[in-house]
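Accompanying notes for the structure given below.
The values are calculated or read from the model by the stated rules, or taken from the named source; none is laboratory data. Only a predicted model underlies this, so the values are computations on that prediction, with no experimental measurement involved. When we count neighbours, we look across all protein chains shown, and the Cβ atoms used for this are built from the backbone with ideal geometry, even at glycine. Just the protein is used for accessible areas: all its heavy atoms, side chains included, with ligands, DNA and RNA removed. Shrake-Rupley method; radii C 1.70, N 1.55, O 1.52, S 1.80 Å.
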Protein chains: 2
Amino acid sequence: MAAQRDAGDGFTTDTAAPGVTPVEASVVRERARAIPEAAVARLAVYLRVLSDLSRDGVTKISSEELSVATGVNSAKLRKDLSYIGSYGTRGVGYDVDVLVGQIERTLGLTRQHSVAVVGIGNLGHALANYGGFPGRGFPVAALFDVDPDLMGVPVGGMPVHHVNDIRRVCAELEVTIGVIATPAQGAQNVCDSLVQGGVRCILNFAPVVLQVPDYVEVRKVDLAVELQILSFHVARRADQEQDAAFSSAHAAPQPGVASVPGVVIPR
Amino acid sequence: MAAQRDAGDGFTTDTAAPGVTPVEASVVRERARAIPEAAVARLAVYLRVLSDLSRDGVTKISSEELSVATGVNSAKLRKDLSYIGSYGTRGVGYDVDVLVGQIERTLGLTRQHSVAVVGIGNLGHALANYGGFPGRGFPVAALFDVDPDLMGVPVGGMPVHHVNDIRRVCAELEVTIGVIATPAQGAQNVCDSLVQGGVRCILNFAPVVLQVPDYVEVRKVDLAVELQILSFHVARRADQEQDAAFSSAHAAPQPGVASVPGVVIPR
DNA sequence: AACTGTGAAGCGTTTCACAGCT
DNA sequence: AGCTGTGAAACGCTTCACAGTT
């Protein structure tokens, strides 16, 4: 079974092959990015905020300021940035453009990644038109669907291919990232075709657990799961309010306090 | 600053009130969900798989079998299930329907949650039509957009309201979960309106860090971030292949091995 | 004086391994 | 014999706190 991770879990990046002693493993890891997975996700967030700041003409920023802008605690933020190198100036802060460049380099955004989107429903349309990625990008190189009526119809300025051609087209265009936005049923077949076409990274929106070889990386985004997690928090909150016999006052919605950081409601 | 979590971080569930001795805490914790956040996310995954199995007539399942179906290691899986109670039978396994029921109860899916979707672009359309949530659901109760041309036009069988009416309509319909699928610019205002309308849980697709009061829970799904994380892994992999001077053989796509669990490609 | 960079402590999650039940 | 449920160890991530630099 291969590495497969939902949005939202800590996990092992599984670097060392089985049979390697722990002592040697750290040596084998020579240049391998020793950046915690959790930090990688946040670097992407910093990048977006920093790109915006750069566009607005901001040139210097402290970890505290960036902390406010990103919602990430400043100690964590500094540690995250330290993983990619020492690009700050003590007593001053970070140079915004330097940071943008270094994060882009770390995330591998200096090379172009061709993206294929499979499943041109509403979600696929949304993805196909998602041109506005922050700083540089992920050109969508190919679109696929099963529906013959869609063939040739340009979506976001691109023709739609049939899913049967996934392998050939992906290989030709050297697609590096595949996005699966199909219904659950077709997802595994699509996944297989993408892998056969040379795709090694997949973003999966279909509510299925994809089976892939070990060398393929899958990330999953599951809307139902996200809603259910929120549901859990609604329920937990309701329980707490019952337990603590707070008579009334905060059961009713409280108007006028939104968006003011620091407003604390009694619990 | 309030609780706000990307898909992908651990954090504190913050159960016991301060000033309670550890011994009493477990008593106080009576009903309070002491379930690790990471486990909650996985429970939602188990639920989907189990619902499918139930529909297929499967009545019993072992942790090992469920492990294969969900891609979650069986020890972790058993521990996760133990958080919601002891519903397995030693020597036998779990009753599928019992598990479905207990997970639904734990996730708070026995109550209905009204969902409001704001921003009826491609993504909003996709969400509005996302009726097919696994086992029961999240009825979408209201749609909102800024575009006057959309007002009254039914989307997924529902009329679209103007964003100016978010507060009123959400309060009237007792919306518990708000989904923000607008462009970045409008998102914070929309968020404020939702909170004023009594919404306490928000799923945010807009690429901004929302500012909310402490009592509001935000989850964020950021497509660009997901792609960038994948990009990082592409880059890391490329580095590794350079490092380890593997001459050739596995640089070219390898056909015909997809979807077979257990197939291991030499690295 | 201000702010970064980082060891070390703290904490939550995962994994191990086995006792306990059927 | 088989499988669950769970303490305890291992691991990774976060937070603390401060030495180091400008």
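Scanning segment A:200-214 for residues that are facing chain B (nearest Cβ under 7 Å) and either closer than 16 Å to A:H161 by Cβ or among the hydrophobic types (A, V, I, L, M, F, W, C) (or both), which turns out most open to solvent (accessible area, probe 1.4 Å)?
A:V209
Within segment B:159-199, which residues are of a type in the set (D, E), surrounded by fewer than 20 Cβ atoms within 10 Å (Cβ to Cβ) and either assigned to a helix (DSSP H, G or I) or without any contact (Cβ under 8 Å) to a residue 60 or more places away in the chain (or both)?
Residues satisfying the conditions are B:D165, B:E172.
Within segment A:52-73, how many residues turn out to be open to solvent by less than 20 Å² (accessible area, probe 1.4 Å) and within 13 Å of chain B (Cβ to nearest Cβ)?
The number of residues fulfilling the criteria is 4.
Taking the residues in segment B:144-157 that are among the hydrophobic types (A, V, I, L, M, F, W, C) and touching a helix residue (DSSP H, G or I) at 6+ places or on another chain (Cβ under 6 Å) as candidates, determine which candidate is nearest to B:A171 (Cα to Cα).
Top of the filtered list is B:F144.
Where in segment B:26-131 are there helices (runs of 4 or more DSSP H), lying wholly inside it, with at least 1 residues that are in contact (Cβ under 8 Å) with a residue 60 or more places away in the chain and within 14 Å of DNA strand D (Cβ to nearest atom)?
Per the criteria, B:37-55, B:63-70, B:96-106.
Can you find a residue that is more than 9 Å from chain A (Cβ to nearest Cβ), open to solvent by 30 Å² or more (accessible area, probe 1.4 Å) and within 11 Å of DNA strand C (Cβ to nearest atom) anywhere in segment B:33-46?
Checked against the condition, which is being more than 9 Å from chain A (Cβ to nearest Cβ), open to solvent by 30 Å² or more (accessible area, probe 1.4 Å) and within 11 Å of DNA strand C (Cβ to nearest atom), segment B:33-46 yields at least one hit.
Sort out which residues of segment B:52-70 are out of contact with any Phe, Trp or Tyr (no Cβ under 9 Å at 6 or more places or on another chain), more than 11 Å from DNA strand C (Cβ to nearest atom) and of a type outside the set (A, V, I, L, M), and write them in order of number.
B:D52, B:S54, B:R55, B:D56, B:G57, B:T59, B:E64, B:E65
In the set B:V96, B:V153, which member is more than 18 Å from B:G178 (Cβ to Cβ) and either within 16 Å of DNA strand C (Cβ to nearest atom) or loosely packed, with under 14 Cβ neighbours inside 10 Å (or both)?
It is B:V153.
If you go through segment A:79-88 one residue at a time, how many are surrounded by fewer than 17 Cβ atoms within 10 Å (Cβ to Cβ) and either of a type in the set (G, A, S) or near DNA strand C (Cβ under 6 Å from one of its atoms) (or both)?
The total comes to 5.
Would you confirm whether any residue within segment A:217-233 is assigned to a helix (DSSP H, G or I) and open to solvent by 20 Å² or more (accessible area, probe 1.4 Å)?
no
Which residue is farthest from B:V225 (Cα to Cα), if the candidates are limited to segment A:136-146 and must be in contact with a strand residue (DSSP E or B) (Cβ under 8 Å, 6 or more places away or on another chain) and open to solvent by less than 60 Å² (accessible area, probe 1.4 Å)?
Of everything passing the filter in segment A:136-146, A:D145 is farthest from B:V225 (Cα to Cα).
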